[in-house]
Amino acid sequence: RVAGAPRIAVAGGAAFTFGYAEHVELLEAAGADVVVVDPLRDEALPDGAAGLVLPGGFPEQHAAEQSAAEGLRAAVTALASSGAPVHAECGGLLYLAKSLDGAPMCGVVDADGAMTPRLTLGYRDAVAPQDSVLARAGTRITGHEFHRTALSVPHGARPAWRWRGHDSRPVAEGFVLGRVHASYLHTHPASAPEAVTRFVRACAADSTRSEATR
């Protein structure tokens, strides 16, 4: 580990298969020490974790197993509550919810997730409504949705993204909760490397403060 490099945990394994290899590469290129965590196998976050990335996947297929890993869920909740940067997309958003198909999850996002018969699918030209650990207000990105789940609350008081639907109506989606950015929208990190750099810098600032108080 390079001295001073913020340690960032990235969820992987069978429940979080929809991540991009480029994401880890860009995190490391921006100066992060990346440690992959499997929520179906690991019981804790890596020591010194200053941030967390929860990519997409199929957590609904593993809801009971993820729920049973109470120690890791508690660690994720504590990390988010401490103000550490957290970036969650789709499956990661569901993991941060209160529950998924009735199985308790991390409870960081005040909403419940459930499978539905409807497939939500499509590209989105989205805008960041306010500053977050990923982007400054007004930043435009292109992402896509692909999920059969839905949340009981589609967005928070501070949405992660806004866009226009196919009927031109405004859509608000996702949650910015302190330094947690959680959304259904998948974004490719190579299309917005500045978002990765911004996230790593936020984690580095936290890591430096943590070291200073030891």
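The values are calculated or read from the model by the stated rules, or taken from the named source; none is laboratory data. All values derive from a computational prediction rather than experimental measurement. All Cβ positions, even for glycine, are placed from backbone atoms using ideal geometry, and neighbour counts span all protein chains on display. Areas reflect the complete protein model, heavy atoms only, side chains present, ligands, DNA and RNA absent. Shrake-Rupley method; radii C 1.70, N 1.55, O 1.52, S 1.80 Å.
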Spans of strands (runs of 3 or more DSSP E) in the stretch 138-181 with at least 1 residues open to solvent by 20 Å² or more (accessible area, probe 1.4 Å) and closer than 21 Å to GLU60 by Cβ: 140-151
Qualifying residue in the stretch 149-167 (condition: touching a residue at least 24 places away in the same chain (Cβ under 8 Å), under 19 Å from ALA80 (Cβ atoms) and in contact with a Cys (Cβ under 6 Å, 6 or more places away or on another chain)): no
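Going by the structure shown, is ALA9 within 29 Å of THR120 (Cβ to Cβ) and of a type in the set (A, V, I, L, M, F, W, C)? Spell out the reasoning first.
Numbers: within 29 Å of THR120 (Cβ to Cβ): yes; of a type in the set (A, V, I, L, M, F, W, C): yes.
Yes, satisfied.
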For ASP38: the one exception among (1) in contact with a Phe, Trp or Tyr (Cβ under 9 Å, 6 or more places away or on another chain); (2) of a type in the set (Asp, Glu); (3) within 21 Å of HIS155 (Cα to Cα): (3)
Pair list, Cβ under 6 Å, 6 or more apart: the stretch 125-137 residue part of a loop (DSSP other than H, G, I, E, B), other residue among the polar types (S, T, N, Q): ALA128/THR139; ALA137/GLN130
Matching residues, the stretch 53-72, being over 15 Å from GLY107 (Cβ atoms) and under 17 Å from the mean Cα position of the chain (by Cα): VAL53, PRO55, GLY56, GLY57, PHE58, GLU60
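Residues to consider are ALA88, ALA103, ALA69, ALA63; find the one that is open to solvent by less than 30 Å² (accessible area, probe 1.4 Å), touching a Pro at 6+ places or on another chain (Cβ under 9 Å), touching a residue at least 12 places away in the same chain (Cβ under 8 Å) and over 24 Å from CYS203 (Cα atoms).
Working: ALA88 fails: over 24 Å from CYS203 (Cα atoms); ALA103 fails: touching a Pro at 6+ places or on another chain (Cβ under 9 Å); ALA63 fails: touching a Pro at 6+ places or on another chain (Cβ under 9 Å).
The match here is ALA69.
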